[in-house]
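Here the structure comes first, spelled out in structure tokens, and everything after it is commentary.
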Amino acid sequence: MSTAELFRDDSYLQSCSATVTGVDQGTIYVDQTVFYPLGGGQPGDTGSISWDGGSAKIADARYGDGGDIAHMVEDAAALPPAGASVELTLDWERRYRHMRMHTAMHLLGSILRYDVTGGNISSEKSRLDFNMEDTVDKEAVALALTALVRANHAVSCRWISEAELDANPQLVRTMSVQPPRGRGAIRLLEIQDVDLQPCGGTHVNATSEVGRVRIGKVEKKGRQNRRVNIHLDD
Ligand SMILES: [Zn+2]
């Protein structure tokens, strides 16, 4: 049985209780978690874990073997016993910035309607790489981005089956980033009237929460690649 991913249905959960299902060389496995594991350009969550008689800092979260989420502790000597009841708590400030950034990336992708060839999110700075030869009009993009944030579009997720997606390819605006297959269902992220695409990351519930976002450097990475950097200004 793989780890239940509570953040998939509620990205605002900051903590949860869980039961330790295994420990292994500085890594803790639990039956359910609020920790997002590194993936899709979004970093793994950090935070803490506590149990009767101890606590530890969690420095990273990643998918381990078999689809379980591995919580990596900072100090490998401090581990709870298997079967222990624990409380998991996120570094919420950092994660919430990832949610704002991640949502901003979707907005940016809806403005620059080119194929996305790469991307990376951090709490300070994020980037998206576009397959495009045109010059990016920074000012126009910044204005469009601010307008989408101010318009406060609702952001939501829903699940569809792989068969349903195959039968209705028009459900998804861009398939340049292929959704992960083989887990039975695909998660669609919808920004109302703006964007609809497969995404497993964590997002805010409404675009106004993205807040003060600024377009940074636009880099030319080869003839057909433009890298757009964005920053959160608070
Ligand atoms: Zn996303």
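The values are calculated or read from the model by the stated rules, or taken from the named source; none is laboratory data. Here the structure is a predicted model, which is why all the values come from computation and not from measurement. Positions of Cβ are generated from backbone atoms using ideal geometry, with glycine treated the same way; all protein chains shown enter the neighbour counts. Note: areas computed on protein heavy atoms with side chains; ligands, DNA, RNA excluded. Shrake-Rupley method; radii C 1.70, N 1.55, O 1.52, S 1.80 Å.
Scalar couplings 3J(HN,Hα) for region 64-79, obtained by applying the Karplus form with A = 6.51, B = -1.76, C = 1.60 to θ = phi - 60°, are x, 5, x, x, 6, 8, 8, 9, 8, 8, 5, 10, 5, 7, 9, 10 Hz; x denotes Gly and Pro.
In this structure, the amide hydrogen of Leu38, modeled 1.01 Å from its nitrogen in the peptide plane, lies closer than 5 angstrom to those of Gly44, Asp45, Ala61, Arg62, Tyr63, counting only residues at least 5 positions away or on a different chain. About its Cα centre, the dipole of region 39-183 is roughly 440 debye, where the only charges are +1 on Lys and Arg Cβ and -1 on Asp and Glu Cβ. Between the helical axis of 138-150 and the longest alpha-carbon principal axis of the chain there is an angle of about 60 degrees. Angle of helix 92-111 to the longest C-alpha principal axis of the chain, folded into 0 to 90 degrees and rounded to 10: 30°.
Surface composition of the chain: carbon and sulfur atoms hold 47% of the protein heavy-atom accessible area at a 1.4 Å probe.
Full extension of the chain segment joining His231 with Asp166 gains 19.8 nm, where the gain is 0.36 nm per residue of separation less the Cα-Cα distance. Other residues whose C-beta falls under 13 angstrom from the C-beta of Arg97 contribute a net charge of -2, scoring Lys and Arg +1 and Asp and Glu -1. Under 20 Å of direct C-alpha separation, and excluding same-chain neighbours fewer than eight residues apart, Lys221 reaches these lysines: Lys125, Lys138. All other residues whose Cβ lies under 13 angstrom from that of Lys221 are scored, Lys and Arg at +1 and Asp and Glu at -1, for a net of +3. When you filter the trypsin sites (Lys or Arg not before Pro) in region 73-159 for DSSP loop state and at most 13 other Cβ atoms inside 10 Å of their Cβ, you are left with Arg113. Here the sum of -39500 (n - 2.57) over DSSP H runs of 4 or more residues, divided by the residues of the chain, equals -5500 deg cm²/dmol at 222 nm, to the nearest 500. Across the chain, the relative contact order, built from alpha-carbon pairs under 8 Å that are at least six residues apart, equals 19 percent. Proximity of backbone amide H atoms, modeled 1.01 Å from N, is registered between Gly119 and Asp129 at under 5 Å, excluding neighbours fewer than 5 places apart on the same chain. Counting charges near Thr146 (Lys, Arg +1; Asp, Glu -1) among other residues having Cβ under 13 Å from its Cβ returns a value of +2.
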